[in-house]
Amino acid sequence: MTELISEVDKDDNFLGLRPREEFYSGNHIHRASQLILLDSENRMLLQKRAPGKFWYPNLYTYSVSGTVADESYETCIAREMFEEIGISVPFRKLFKIPCILENKGAYHTVFSGRCTEENTSLIRYDPEEAVSVEWVGLEELYRAVKIEPGSYTPSLRAGIIKIFEEGCEKYIL
């Protein structure tokens, strides 16, 4: 069965559904949901994307990432959280960032959730999605995305920089 993805215009208005493969052409804009999952020490779970991923293989990205199908951003991140890391936690919307060049890219809605110690021990990653996961302090991550930007997905860089430039306390409680 063909996986259908939401296509949007440069203002994030829904245009319709297209097969996933059509987005690989670089001629369409889609929607994506991202999760910043924090532990009790305010460390973020970071995924290193699998080498077989079409977009940004082998780069570090959010705790959970998903391409929005025929669903809301919220439904997407709830589904992807369980599929990618095997747990479900409450989350809240932080902000939306456009990562669009010419007529390709995505609108990324970033969510935040907090993991209990019990949930932390249950986390497992999907090897089709990631080669590893690790907990990283937010300040350490902020420094790293500025020093080694090529190691991180553009949306993760944009999201972490936004959080620190606008003030962590606004987004991370």
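The values are calculated or read from the model by the stated rules, or taken from the named source; none is laboratory data. Since this is a predicted model, take the numbers as computed values, not measurements. Heads up, the Cβs are rebuilt from the backbone with ideal geometry, glycines too, and the neighbour counts pull from every protein chain shown. Accessible surface areas use protein heavy atoms only, side chains included; no ligands, DNA or RNA. Shrake-Rupley method; radii C 1.70, N 1.55, O 1.52, S 1.80 Å.
So the values come out like this:
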read-out: Meets criteria (open to solvent by 50 Å² or more (accessible area, probe 1.4 Å) and in contact with a helix residue (DSSP H, G or I) (Cβ under 9 Å, 6 or more places away or on another chain)) for T2; value: yes
read-out: Verdict on T67 being touching a residue at least 40 places away in the same chain (Cβ under 8 Å), hydroxyl-bearing (S, T, Y) and surrounded by fewer than 22 Cβ atoms within 10 Å (Cβ to Cβ); value: yes
read-out: Scan of the stretch 12-50 for residues that are among the hydroxyl-bearing types (S, T, Y) and under 17 Å from F82 (Cα atoms), ordered by number; value: S33
read-out: Close pairs from the stretch 150-173: first among the charged types (D, E, K, R), partner surrounded by 15 or more Cβ atoms within 10 Å (Cβ to Cβ), Cβ under 6 Å, at least 6 apart; value: R157/V145
read-out: Out of S40, S88, S72, sole residue that is over 25 Å from P127 (Cβ atoms), out of contact with any Leu (no Cβ under 6 Å at 6 or more places or on another chain) and without any contact (Cβ under 8 Å) to a residue 40 or more places away in the chain; value: S72
read-out: Residue match in the stretch 6-13 (condition: open to solvent by 40 Å² or more (accessible area, probe 1.4 Å), without any contact (Cβ under 8 Å) to a residue 12 or more places away in the chain and either of a type in the set (V, I, T) or under 28 Å from G167 (Cβ atoms) (or both)); value: yes
